[in-house]
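S.K.: If you scroll down you'll find the structure; I have some questions about it.
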Amino acid sequence: MGAFTSVEAERSVSVNTAGDANANLKFSSGNDFVTSNNWNQLTVDLGGPSNSEGGRGFNRNAASVIPEVFAITNQGEDDIELSIEYSGKGRVVSDVDNADLEWSEGVYFELADEENGTLAPGQYTTVDVAVVEQNGNSVSGGTLTINADQL
């Protein structure tokens, strides 16, 4: 029989966080549809403010493709496997350039320039988006989840 049957111990845990520009997984953009808040976290707003040319949104009854909405860079020390999930109307697809009115109304995302979903340290990929609108109404949004697993 051992010297004890159970142990309960408390230990402190320290977690360092950084804004999206300085984290191990960097999110960056120069796109008008993306803003950064006080914590340097990116927000994608596809119905965002009017642009400098007077544009106020996407065309009705159309499929609109927006390349390179934002970039994801591996700033860690190890290779990662990257994937994305979307929980709104639409989904993640392999090629938003094929978006057309045959697709269901919604927002579609693609990891561009993806080589088997793997990013080495210092490598990046971009996220392309397509918005398909069919009824003259606003397309509802959702949540985009970005997953990075160390290889």
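S.K.: What is the one condition in (1) out of contact with any helix residue (DSSP H, G or I) (no Cβ under 8 Å at 6 or more places or on another chain); (2) closer than 16 Å to ARG91 by Cβ; (3) aliphatic (A, V, I, L, M) that VAL129 does not satisfy?
M.R.: For VAL129, the exception is condition (1).
S.K.: With the condition kept exactly as written, say whether any residue in the stretch 92-101 is assigned to a strand (DSSP E or B) and either crowded, with 19+ Cβ neighbours inside 10 Å or touching a strand residue (DSSP E or B) at 6+ places or on another chain (Cβ under 8 Å) (or both).
M.R.: yes
S.K.: I would also like to ask the following. Among the residues of the stretch 104-116, count how many are in contact with a strand residue (DSSP E or B) (Cβ under 6 Å, 6 or more places away or on another chain), at pLDDT 90 or above and in a loop (DSSP other than H, G, I, E, B).
M.R.: 1
S.K.: Next up: Would you say ASN59 is modelled with pLDDT under 80 and either surrounded by 11 or more Cβ atoms within 10 Å (Cβ to Cβ) or among the polar types (S, T, N, Q) (or both)?
M.R.: The answer is no for ASN59.
S.K.: Residues in the stretch 119-151 that are under 14 Å from GLU81 (Cβ atoms), within 16 Å of the chain's Cα centre (by Cα) and among the hydrophobic types (A, V, I, L, M, F, W, C): how many?
M.R.: Count: 3.
The values are calculated or read from the model by the stated rules, or taken from the named source; none is laboratory data. Since we're looking at a predicted model, the values are computed, not measured. Note that we place each Cβ from the backbone using ideal geometry, even for glycine, and neighbour counts take in every protein chain shown.
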